[in-house]
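A.B. asks: Here it is, the structure, as structure tokens.
Read the figures in this text as sums done on the coordinates, not as results from a lab. As the structure is a prediction and not an experimental result, all values here were calculated from the model. All Cβ positions, even for glycine, are placed from backbone atoms using ideal geometry, and neighbour counts span all protein chains on display.
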Amino acid sequence: MKDCIFCKIANKELPGNIVYEDEEVIAFRDINPVAPIHILIIPKKHIGKLTHIAKEDEAVIGRIYSIINNIAETEGINERGFRVIVNCGEEGGQVVEHLHFHLIGGRPLGAKICN
């Protein structure tokens with residue numbers, strides 16, 4: 001997708017503070033973090049949102065959760081706890097239309113995730 005900011009980061013057309021990368025997935029620190037640790041994990045393939053996942057995408061989506069666990073361990077939050085959020089669509093709070101997983105932690109987050 002030509003104008004997608006996350007595709008541009010994945011393609012190295014824009015800078016990103018990358019914490020993980022392989023042939024199908026890239027993870028980078030959020031530029032507007034809501035907690036001390038706020039990392040976005042995305043498939044390099046452009047998938048607009050959660051409801052756009054196709055059968056052939058299932059393997060990479062499963063791998064993303066393993067990658068999230070590895071990043072949480074590297075960041076030192078795997079034992080204390082963290083949150084993974086996927087926003088879907090405008091009313092779901094999705095700002096960038098490229099499927100992305102928020103890994104958030106490094107402080108107590110509380111029980112509520114909505115205002």
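A.B. asks: Among residues other than residue 68 whose Cβ falls under 11 Å from its Cβ, what is the net charge (Lys/Arg +1, Asp/Glu -1)? All intermediate terms of the calculation are to be shown ahead of the outcome.
C.D. replies: On the way: positive: 63, 83; negative: 73, 75.
Net charge around residue 68: 0.
A.B. asks: Could you tally the net charge around residue 25, taking each other residue with its Cβ under 9 Å from the Cβ of residue 25, Lys/Arg +1 and Asp/Glu -1?
C.D. replies: Details: positive: 44, 63; negative: 21, 22, 23, 24.
Value of the local net charge: -2.
A.B. asks: What number, in percent, do you get for the relative contact order of the chain if the mean sequence gap of Cα pairs under 8 Å and at least 6 apart is divided by its residue count? Walk me through the intermediate numbers first.
C.D. replies: Working: 163 pairs, mean separation 33.6, N = 115.
Relative contact order of the chain: 29 percent.
A.B. asks: For the chain, what is the mean residue ellipticity at 222 nm derived from helices alone (per DSSP H run of n ≥ 4: -39500 (n - 2.57); sum divided by total residues; nearest 500 deg cm²/dmol)? Don't skip to the answer; put the middle values down first.
C.D. replies: Numbers: 2 runs with 23 residues, N = 115.
Here the helix-only value at 222 nm equals -6000 deg cm²/dmol.
A.B. asks: Please give me the summed charge of the neighbours of residue 40: other residues whose Cβ is under 11 Å from its Cβ, Lys and Arg +1, Asp and Glu -1. List each step's numbers first, then the result.
C.D. replies: Working: positive: 29; negative: 30.
Combined, the nearby Lys, Arg, Asp and Glu give 0.
A.B. asks: Quick one: Cα centre-to-centre distance for the stretch 60-115 and the stretch 17-57, in angstrom?
C.D. replies: Cα centres, the stretch 60-115 to the stretch 17-57: 10 Å.
A.B. asks: Using the Cα gyration tensor of the stretch 15-115, with a ≥ b ≥ c the square roots of its eigenvalues, what is the shape: rounded (a/c below 1.5), prolate (a/b larger than b/c) or oblate (neither)? Please list the in-between numbers first.
C.D. replies: Numbers: a/c = 1.64, a/b = 1.22, b/c = 1.35.
Judged from the Cα gyration tensor, the stretch 15-115 comes out oblate (a/c at least 1.5, b/c at or above a/b).
A.B. asks: Order of 44, 12 from fewest to most other C-beta atoms within 10 Å? Mind dumping the intermediate values first?
C.D. replies: On the way: 44 18, 12 11.
Least to most surrounded, the residues fall as 12, 44.
A.B. asks: Continuing with this model, one more query. Specify the angular offset, from 0 to 90 degrees and rounded to the nearest 10, of the alpha carbon long axis of helix 58-74 from the longest principal axis of the alpha carbons in the chain.
C.D. replies: 40
A.B. asks: Right, here's the next one. Set the Förster distance to 30 Å, then compute FRET efficiency between residue 3 and residue 112 from the Cβ-Cβ distance, nearest 0.05. Walk me through the numbers before you get to the answer.
C.D. replies: Values: r = 34 Å, r/R0 = 1.14.
It comes to 0.30.
A.B. asks: I need 42, 31 ordered by Cβ neighbour count within 10 Å, fewest first.
C.D. replies: Numbers: 42 23, 31 9.
Fewest to most other Cβ atoms nearby, the residues stand as 31, 42.
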